[in-house]
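**Q** Sharing a structure, written as structure tokens. Questions coming.
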Amino acid sequence: MTSARTYEVRTYGCQMNVHDSERLSGLLEDAGYVRHQAGADGDQAACADVVVFNTCAVRENADNKLYGNLSHLAPIKAANPQMQIAVGGCLAQKDRSTITAKAPYVDVVFGTHNIGSLPVLLERARVQEEAQVEILESLEVFPSTLPTKRESAYAAWVSVSVGCNNTCTFCIVPSLRGKEKDRRPGEILAEIEALVAEGVSEITLLGQNVNSYGVEFGDRQAFSKLLRACGGIEGLERVRFTSPHPAEFTDDVIEAMAETPNVMPQLHMPLQSGSDRMLKAMRRSYRQSKYLGIIERVRAAMPDAAITTDIIVGFPGETEEDFQATLDVVRQARFSGAFTFQYSKRPGTPAAVLDDQVPPEVVKDRYNRLVDLVNQIAWDENKLLVGREVELMVAEGEGRKDAATHRLSGRGPDNRLVHFEADFSAVEGEARPGDLVTVGITYAAPHHLVADGPVRALRRTRSGDAWAPRQGRAAPVGVGLGMPTVGVPAPLPDAPACG
Ligand code: SF4
């Protein structure tokens, strides 16, 4: 009896890719593959029978990274011809058969619109002993209808739309993921209810541009209505969303956030630049005053809201004055964190052919100054929380330990990361991932908080109940999957969150 073939999915880029990778894993497991366990049978070097690259095309070096990784697999595949390599995602959608031309040992190339085809294409490539390249120009089926294998026991991504109608000049996403397509609200709510029934307590609504959700079926308030509807789902503890676009961020969304208890006071809103001249050149259809106006209204409605952002420095034509405008917005907006990127020319985008490309040393200098300011403000904002009591959703994975203290980690409603002492002497029982604990903040660091002392309250959730049995697969509390908990999107280092 032949053992099941193993698979591994390597994910690059944004949350949309993380979501799609959960679908790719679900599809392969549905087709009888099992997840490759590195080091199983004591052979760390052993490779999966099928390796899938879910690629990103946002940054210039994305190509080099892919071909570099592929070349590492070439000798392994030569030694094991049964092994298969598949490449999907945005770079596959862009490069198509160039990938098999450059790396003829690749078996399958599939795009962003047909991730559901992977198992069939793998089988066809195996039987016909010929590489299969299948790229569609528009969406085959909504990825959310495909089987999924979620990374987290208690948190899930739920996509509300795919594609984007905007045309930011530095961005390649619209040409690779197409125009915006919206899911029907009923379908989204049904998926959320099913997830909650499975033990999920936190969901993140996902889209390249969530607050234009509903444009396809003509309801400009569809997103705020969706948030309010999530408020009525019993057992759903936390709702987050990513990414909104400032140009379409309307007050009905702020009201829905403030008035719906399980919608968290946390917002990731890409700024990209604080200079009106640069925002115009980026075709970001809002200006500094509008952006700061939104921040002000969010803070008025939710004083404890944490706001994070994305910023690009060194966009073509950016002067020191433009850069100073970005620093001004950062000082006023008081972000709790920011993903900062040095502009990288992306072939195929309008900005790539603009004159006035900024010299790399100038970009680097501005980048360092920006990061220093962002980190200082994030730390100052964190220090204001020392002494506060916070309810955390307990994460999978160990907290920051030191010689004396064993800590676990969790995230607050504002999605700040807190390492808390695993002292349950004042409550009944111990917390499991997905449960909710109340702690007192005792220390602030630039990118996390610490809560030492006994846990003050413990609220068990369905996720905690569901977590234990699921552990049959992995080790007890402590060995996370190394992926940040869902929530504030943590774009993997090579891609700014869209929106
Ligand atoms: S940056 Fe975001 S909003 Fe702009 S085109 Fe890309 S995906 Fe759309």
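The values are calculated or read from the model by the stated rules, or taken from the named source; none is laboratory data. This one's a predicted model, so the numbers in the text were calculated from it and none came from an experiment. Virtual Cβ from ideal backbone geometry, glycine too; neighbours counted across all protein chains shown. With ligands, DNA and RNA removed, areas are computed over all heavy atoms of the protein, side chains included. Shrake-Rupley method; radii C 1.70, N 1.55, O 1.52, S 1.80 Å.
**Q** Checking the condition of a type in the set (Asp, Glu) and out of contact with any Asp or Glu (no Cβ under 9 Å at 6 or more places or on another chain), which residue from 216, 187, 180 passes?
**A** From the options 216, 187, 180, the qualifying one is 187.
**Q** Go through region 313-334 and give me each residue that's in a loop (DSSP other than H, G, I, E, B) and open to solvent by 50 Å² or more (accessible area, probe 1.4 Å).
**A** Step one: filter region 313-334 for residues in a loop (DSSP other than H, G, I, E, B), giving 314-319, 334.
Correct list: 319, 334.
**Q** Sticking with this one: Does residue 458 fit the bill of being over 28 Å from residue 198 (Cα atoms) and in contact (Cβ under 8 Å) with a residue 12 or more places away in the chain?
**A** No: the conditions fail for residue 458.
**Q** Also, quick follow-up: Is it the case, given these coordinates, that residue 211 is under 30 Å from residue 277 (Cβ atoms), within 16 Å of the ligand (Cβ to nearest atom) and assigned to a helix (DSSP H, G or I)?
**A** Taking the combined requirement at face value, the residue satisfies it.
**Q** One residue is enough: does region 183-192 have a residue meeting the conditions crowded, with 20+ Cβ neighbours inside 10 Å, within 16 Å of the ligand (Cβ to nearest atom) and either over 16 Å from the mean Cα position of the chain (by Cα) or outside any helix (DSSP H, G or I) (or both)?
**A** Here is the first cut: in region 183-192, the residues crowded, with 20+ Cβ neighbours inside 10 Å are 183, 188, 192.
Right, trim to within 16 Å of the ligand (Cβ to nearest atom) and you get none.
No: zero hits.
Residue by residue, here is whether (1) closer than 26 Å to residue 271 by Cβ; (2) modelled with pLDDT of 95 or more; (3) not assigned by TED's automatic domain parsing to the domain that holds residue 64 holds:
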| position | (1), (2), (3) |
| --- | --- |
| 106 | no, yes, no |
| 110 | no, yes, no |
| 121 | no, yes, no |
| 148 | no, no, yes |
| 160 | yes, yes, yes |
| 164 | yes, no, yes |
| 178 | yes, no, yes |
| 200 | no, yes, yes |
| 204 | yes, yes, yes |
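**Q** Specify which of the listed residues (236, 227, 206) is in contact with a helix residue (DSSP H, G or I) (Cβ under 7 Å, 6 or more places away or on another chain), of a type in the set (A, V, I, L, M), within 16 Å of the ligand (Cβ to nearest atom) and touching a residue at least 24 places away in the same chain (Cβ under 8 Å).
**A** 206
**Q** Oh, and also: Take residues that are open to solvent by 60 Å² or more (accessible area, probe 1.4 Å) and tell me which of the strands (runs of 3 or more DSSP E) falling wholly in region 364-424 contain 1 or more.
**A** On the way: elements: 389-398, 407-411, 417-421.
Counting at least 1 such residues, we get 389-398.
**Q** Could you grab me the full set of residues in region 349-359 that are touching a residue at least 24 places away in the same chain (Cβ under 8 Å) and open to solvent by 60 Å² or more (accessible area, probe 1.4 Å)?
**A** Of everything in region 349-359, those that are touching a residue at least 24 places away in the same chain (Cβ under 8 Å) and open to solvent by 60 Å² or more (accessible area, probe 1.4 Å) turn out to be 354, 355, 356, 357.
**Q** Looking at residue 216 and the list (1) surrounded by 21 or more Cβ atoms within 10 Å (Cβ to Cβ); (2) part of a helix (DSSP H, G or I), which single condition is not satisfied?
**A** (1)
**Q** If the requirement is being under 20 Å from residue 32 (Cα atoms), touching a Lys or Arg at 6+ places or on another chain (Cβ under 8 Å), of a type in the set (Ser, Thr, Tyr) and in contact (Cβ under 8 Å) with a residue 24 or more places away in the chain, which of these qualifies: 112, 167, 148?
**A** 148
**Q** Select from region 271-302 the residues that are in contact (Cβ under 8 Å) with a residue 60 or more places away in the chain and not aliphatic (A, V, I, L, M) and list them in ascending order.
**A** Matches in region 271-302: 272, 283, 284, 285.
**Q** Mind counting the residues in region 454-469 that are at pLDDT below 95 and hydrophobic (A, V, I, L, M, F, W, C)?
**A** So the answer is 3.
**Q** Within the group 54, 69, which residue is at pLDDT below 95, in contact with a Lys or Arg (Cβ under 9 Å, 6 or more places away or on another chain) and open to solvent by less than 60 Å² (accessible area, probe 1.4 Å)?
**A** Matching residue, one of 54, 69: 69.
**Q** Another question, then. What is the number of the single condition among (1) in contact with a helix residue (DSSP H, G or I) (Cβ under 7 Å, 6 or more places away or on another chain); (2) closer than 25 Å to residue 173 by Cβ; (3) assigned by TED's automatic domain parsing to the domain that holds residue 23 that residue 117 does not meet?
**A** Single failed check for residue 117: (1).
**Q** Which numbered condition trips up residue 345, out of (1) among the charged types (D, E, K, R); (2) in contact with a helix residue (DSSP H, G or I) (Cβ under 6 Å, 6 or more places away or on another chain); (3) open to solvent by less than 70 Å² (accessible area, probe 1.4 Å)?
**A** All conditions pass for residue 345, except number (3).
**Q** Can you tell me which of 332, 357 is of a type in the set (S, T, N, Q) and at pLDDT 95 or above? Steps first, answer last, please.
**A** On the way: 357 fails: at pLDDT 95 or above.
Residue meeting the stated conditions: 332.
**Q** In region 148-179, which residue that is of a type outside the set (A, V, I, L, M, F, W, C) and more than 29 Å from residue 351 (Cα to Cα) is farthest from the ligand (Cβ to nearest atom)?
**A** 154
**Q** Then there is this: Given the conditions (1) among the β-branched types (Val, Ile, Thr); (2) more than 16 Å from the ligand (Cβ to nearest atom); (3) surrounded by 22 or more Cβ atoms within 10 Å (Cβ to Cβ), and given that residue 145 satisfies all but one, which numbered condition is not satisfied?
**A** For residue 145, the failing item is (3).
**Q** Same structure again: For residue 88, state whether it is open to solvent by less than 20 Å² (accessible area, probe 1.4 Å) and on the phi > 0 side of the Ramachandran plot. Walk me through how you get there before you give the answer.
**A** Working: open to solvent by less than 20 Å² (accessible area, probe 1.4 Å): yes; on the phi > 0 side of the Ramachandran plot: no.
Taking the combined requirement at face value, the residue does not satisfy it.
**Q** Is it the case, given these coordinates, that residue 131 is open to solvent by 10 Å² or more (accessible area, probe 1.4 Å) and modelled with pLDDT of 95 or more?
**A** yes
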